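The structure appears below as C-alpha cells.
The values are calculated or read from the model by the stated rules, or taken from the named source; none is laboratory data. These figures come from a predicted structure and were not determined experimentally. Every residue, glycine as well, gets a Cβ built from its backbone with ideal geometry; the counts of neighbours run over all protein chains shown.
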Amino acid sequence: MKWDRLKSSKDILRLFSSGSSHLSHPILMKWEFSPKSESPKIFFTTAVSAKRIRRAVDRNLIKRRMREAVRIDLKNRSQSTEAIPAIEVRVVYIFLGKEPADYSEIERSIKKLHKKLFREVSREG
C-alpha cells in the first residue's frame, strides 16, 4: 500500500463538502474513495484549528504526531495479511481537542479510525 500527502485544494474542499466522516475523540476523519486504482493508495493530510490551539508550535506538534501515527499504522496494516482492495482513498484528519494531546491518545484514535475506514472500504470496495 502506498501513501502520499493530499495536496490538491479541490480534493480537500470536496472532502469537506461531501466526504464521509468518523469521529474518535480528539480526531475527526473525513474520507472518500474511488475504485479506479490498480494498487491501494491513500492520500492524506492533517488539520489543526488555530482557533482551538493558539500557539503554532503546539499545532505543528499535533500535526507531526498525527502524521507519525498514520504512517506507522498504515505500515503495520500493509504488512499484515488483511486484503486491502485496489482503490484510491483520500483522507483528512482534523484535530478537535482544545489542548495538545499526547502521542498515545492520538495513536489510539487513529487506530480506531483506520479500523472503521478499512471495514467500510472493504464492504464497499
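If only residues of segment 1-33 that are surrounded by 11 or more Cβ atoms within 10 Å (Cβ to Cβ), in contact (Cβ under 8 Å) with a residue 12 or more places away in the chain and of a type in the set (Gly, Ala, Ser) are counted, the one that is nearest to ILE72 (Cα to Cα) is SER24. Looking across segment 1-24, the residues that are of a type in the set (A, V, I, L, M) and touching a helix residue (DSSP H, G or I) at 6+ places or on another chain (Cβ under 9 Å) come down to MET1, LEU6, LEU23. The sole residue among LYS75, LYS41 that is at pLDDT below 95, surrounded by 14 or more Cβ atoms within 10 Å (Cβ to Cβ) and under 20 Å from SER122 (Cα atoms) is LYS41. In segment 25-80, of all residues being in contact with a Leu (Cβ under 9 Å, 6 or more places away or on another chain) and of a type in the set (S, T, N, Q), the one that is farthest from LYS2 (Cα to Cα) corresponds to SER49.
Residues that are small (Gly, Ala, Ser) and either in contact with a Cys (Cβ under 9 Å, 6 or more places away or on another chain) or not in a loop (DSSP other than H, G, I, E, B) (or both): does segment 79-95 have at least one? If you could, list the steps in order and put the result at the bottom.
First pass over segment 79-95, keeping only residues small (Gly, Ala, Ser): 80, 83, 86.
In the following step, the residues that additionally are either in contact with a Cys (Cβ under 9 Å, 6 or more places away or on another chain) or not in a loop (DSSP other than H, G, I, E, B) (or both) were identified as none.
For segment 79-95, residues small (Gly, Ala, Ser) and either in contact with a Cys (Cβ under 9 Å, 6 or more places away or on another chain) or not in a loop (DSSP other than H, G, I, E, B) (or both): absent.
Name the residue that is surrounded by the fewest Cβ atoms within 10 Å (Cβ to Cβ), counting only residues in segment 81-97 that are at pLDDT below 95 and over 19 Å from SER20 (Cβ atoms). By that ranking, first place goes to THR81. Could you run through segment 66-117 and say how many residues are more than 12 Å from the chain's Cα centre (by Cα) and not hydrophobic (A, V, I, L, M, F, W, C)? Selection size over segment 66-117: 19.
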